[in-house]
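Please read the structure below before turning to the comments.
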């Protein structure tokens, strides 16, 4: 039984994480932290946990967590705040899966450029493993720190990896057009996530400027062995959860659709959570699950990749548990099937 | 052409009001006020008004509005703030339709009890006409101040008026169970109107404590000529607009459904915006319109009234224009058909 | 490991049942039947089961199921068809949990009256246990046939049981006003469940005529020891899943809210899936779970009970597994926590 | 007063058309046809028209329509059926605006290829004007037949016209990624538009095979004076109405965003219903209106055009009235502002 702390327990990713871990036979949640005043019962913040998790939210205190026997911490804090807290646990030997963006970009200059502040935990940044298990999974059993990936990047990375791995497409001008449910924006009320504003509405946001872009480029560059350039447009869709990503790439030679499906099936033969399908999938097929569903089409010589996932599960808390399972030598499907 | 000012232009009721008035052949919007800093173009706050209304939001200033020739003001301000601003216009002879709750309850003690602060414009309160045109419409041509009714009360009042007018039901223990779209909660982001909280969710709120209760009782008491007691439960529904109200009343004698429909058709024979229908209506039938659709059923001796409307139009801005039309001697359907 | 067959595998309740049973440590799905032509892979009908359940839909054949070792069948067939198939399994000794309405009403005359055809399996009807485990749970370990309850009735029955058990309320004139997500209408496309018709819409349907009414009255009559009369109005809400029920009852003496909460907590002290809460719950609190959340308010002397559940889980497939667990002597929470 | 017939009155575009025409000072609806049995009141099919349009649905009969003085017919029939009916009116001298696809593609071979049947009204096809008023508007005053454009094509055509007109982009490999509300799929219930299937879901459909593709290419080819090639991917979004289209094009030289906005503002200087905006628009900004909102961004050297509209108004019934206004020499904004 691995004793677990969750840092930053009031948001949606923490809630999903808790629900998954409550079904996990080898994990025990012993602490959930929050900056909320007092030490309210977690069920007061998340009524759906009533009768299920009888813990109080408590302020973060690294030594107290250690005294409670915490072996693994999941970070659900905002970027910046995340590295401040997690570095204290890392230096005390706790293993960490960070759901923030703090340890995702290897190059601290990229971090400064996209997040607008300089990175202040370079030592741990250097040892972080980027948490897409289908690509970096072999490094996880020995990792102390896994940087859980962003929700959008996983659809783009898994959707493109077989193509860039084989250098089958031009590495520049790749278009990633994503459609996301609103839970991806977090739990803090804002005007653009106010129900009467975003319901019955579709809009693009952060066109060409979304912080998940360099993540996609870094991981795909690793797979490709050469720089990869992404043009990324996210859109907000009036639904709770789900990301649908449509990718357009220029192949270097002619491909048939069946050839592409075969290429993907082979590439993901060992990946239980990637489903290469022939039909056109929808986000609802992956709803509540850790799967990414992928198919491909060829349109006028271009390759169109269609990939979807549940942004809260596969895009955040599910893949975090998949990473946890790999980190601790468990079957990666545990609690996720 | 009546020159119009709209006070408090940033919310949903103001936006709907502007859209209706832009189609009105006898109304001209000359000013829209707001407490927003600077004097931004209204299209910056409401992008849907781009190219349609070329005005800037301006701070409220009674004399300046008068100098601009304003003859009628629509108040879209929060309660409390509303009477402070509108009293200045009323004393300058401007006619006013107030969409806030400030002038709805004749008894200032009821106001103090339900709104938690004492009323500070008793003079104008005494002359206000409650703005359900099907009931108080005859007083409107001479009124200087119309208190536009709440969204929920209109479904309850119009749904029950023919029954209480004829003393056909017990005046106590009347159950009003309402279901409302989220736009009724206004445009200020809060946790309970945050998309991922209220989407895919139904919940009751303010059970037995909603401020629209005394409005219903006052108007129905007027119609009945005796006190009427309402048990009111509002619910939040994951849709933009629409109110559906289900009412349960104990008849004093046996009624058939056709008898009830006939009673209602007669009562509303002169009311263009009340549709007494035989089928079970849905809020979508009234969407974007100023209609209230009503039908009735008898279940085990109880009368069940089903009434619905568009909460932003009939429930607020549409009925405000209907009241405006009556106030200024125009066909009450103008701009609303 | 109990070998399980699911009859009628193409609808939503079958899909949810399969997902729950895939996580069940003591259940193995060995067959899923359907009248679909050919024997398509179940993943072709339910893409979300791709890679998860490698079975083909097959025509119903009682002997073949027996030969495969089926010990328990879950019926997800339409009423009428259900008793035809299940009676064949019952006579072969298979234990059955029927999610249709066929065995819910003890009185075959009531069945004929509400379902418009006469019952043709009176022998099994006589031995069926009505499947609300909090009330009839003690009969389940020895039952061969459990009639899984309707979605609406569970909120009404569990919401009223403590009150009628103690004869605290008048047994007539009880108003049950329910709001349901659209999945409750099943998977067959119809105009009233066509997205552009029911999205952004609320409407009542089958007012006073819904077939779940006699179920509520039968179970509550059992609890009360006297006849109970329900006035039931269901409404369709634009969301996938969730039922919210608002109940109005006339108490026989004065109650305080805390007294009522205490009464309910005591009554449900041994019921893991009933959560008596102080706050106003929403359907989303129960989403994806087997919980029913209940609270109470007193408004002008009336008792208002507010109860909600996930209609596909607690309202159908979750309670079916809870009943299965009790039937086979397992912890009733298995696979449901 | 132009006397109008609407052919095929049971769908969503007919309903919207009726609502717009009821506000039109120069149009009078004298007949609405349908293949429905009997001659039901139109309010039985569209309850929202209760009290608003007192007509019965009648079978199509060209001579009877002529006898009623019909001068203009709007066709809301399925393709194929549309040309059969409309050709009868055209030969009788009635002017026609066809909302089906029958007269959109000038090349009957293209029609046969994309619609799977040969065209059987070549004479009228040869004289049809494609109904994007911002491009073909000058031909409308003398046209007898306007082929109202598809919903998707208008966002693509108006979104790209200024770029292809100036030969500023490569005419091949243009990516058009569209997101549409469900009303675009019509009113016939199908599994993929069944609420519990498409709610909380995003999926692509007809990837590279949607029939609107050749329409886009034909109109843009006209504007460009050279062939234009589109890669088109439509997606279904869980909302009633709205289309958001994201377009990716390769410029032939470097452009700044302000240069592009200026180019578009100049191109659309005379177009009241095209709003070139600086902010990122959402479909809700255009909801219920005849506007198309367009903005542009430059991302890594690519031009990204973002265009949105209300698919039922601008995408169908609104632009049909705009075309009607131009056909009959009226201000094109009549009834649409």
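Values in this text are rule-based calculations from the coordinates and carry no lab data. Here the structure is a predicted model, which is why all the values come from computation and not from measurement. Counting neighbours? That spans all protein chains shown, and the Cβs are built from the backbone with ideal geometry, glycine included.
Here are the numbers for this structure:
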item: Teacher prompt: residue C:253 distances to equivalent labels in other copies, 7 Å Cα→Cβ, nm; result: 3.9, 8.9, 9.2
item: Helix-only CD estimate at 222 nm, as mean residue ellipticity for chain D, using -39500 (n - 2.57) per DSSP H run (n ≥ 4); result: -8500 deg cm²/dmol
item: Candidates D:147, D:31, D:43, ranked by Gaussian network fluctuation over chain D, Cα under 10 Å, top entry; result: D:43
item: Solution diffusion estimate, µm²/s, Stokes-Einstein, the range B:2-127, Kirkwood Rh from C-alpha pairs, 20 °C, viscosity 1.002 mPa s; result: 142
item: Sequence of C:258, A:180, D:289 once ranked by neighbouring C-beta atoms within 10 Å, starting from the fewest; result: C:258, D:289, A:180
item: Degrees, to the nearest 10: B:257-267 long Cα axis against longest axis of chain B; result: 40
item: Shielding by partners - mean other protein chain Cβ count within 10 Å, residues of A:246-252; result: 2
item: Residue of chain A whose Cβ sits closest to the axis mapping A onto B, with distance in whole Å; result: A:189, 2
item: For residue B:64, label point 7 Å along C-beta direction: distances to other copies, nm; result: 5.3, 6.2, 8.1
item: Ascending count of other beta-carbon atoms within 10 Å, so fewest first, for B:260, D:263, B:7; result: D:263, B:260, B:7
item: Position residue C:112, label points 7 Å along Cα→Cβ, spacing to each other copy in nm (shortest first, one decimal); result: 6.4, 6.7, 8.7
item: Residue D:127-residue D:269 FRET efficiency (beta carbon distance; Förster radius 22 Å; 0.05 resolution); result: 0.15
item: The range D:12-148, relative contact order in percent, only Cα pairs under 8 angstrom and at least six apart counted; result: 17
item: Residue with peak Gaussian network fluctuation, chain B [Cα springs, cutoff 10 Å], from B:128, B:101, B:85; result: B:85
item: Expected-Rg normalisation [2.2 N^0.38 Å, Cα atoms] applied to the protein assembly as shown; result: 0.93
item: Inter-label distance for residue A:254 and residue D:26, nm, one decimal - labels placed 7 Å from Cα along Cα-to-Cβ; result: 5.5
item: Label-point separation in nm, residue B:112 to residue A:112, each point 7 Å along Cα→Cβ; result: 6.4
item: Rounded tilt (10° steps) of B:81-91 against the dominant C-alpha axis of chain B; result: 70
item: Relative contact order computed over the range B:151-310 (Cα-Cα under 8 Å; 6+ residues apart), in percent; result: 29
item: Max mean-square fluctuation residue, GNM over chain C, Cα-Cα springs under 10 Å, options C:53, C:21, C:296; result: C:53
item: Average beta-carbon neighbours from other chains, 10 Å sphere, peptide D:269-282; result: 3
item: Length-normalised contact order of chain D in % [C-alpha pairs under 8 Å, at least 6 apart]; result: 17
item: Shielding of A:300-306 by partner chains, average beta-carbon count, 10 Å; result: 4
item: Label-to-label distance, nm, for residues given as residue B:63 and residue D:67 (7 Å Cα→Cβ offset); result: 7.2
item: Acute angle (nearest 10 degrees) that the helix D:318-327 long axis makes with the longest principal axis of chain D, alpha-carbon atoms; result: 80
item: B:32, B:132 arranged by Cβ crowding within 10 Å, fewest neighbours leading; result: B:132, B:32
item: Alpha-carbon centroids, the range D:77-128 and the range D:276-314: separation in whole Å; result: 30
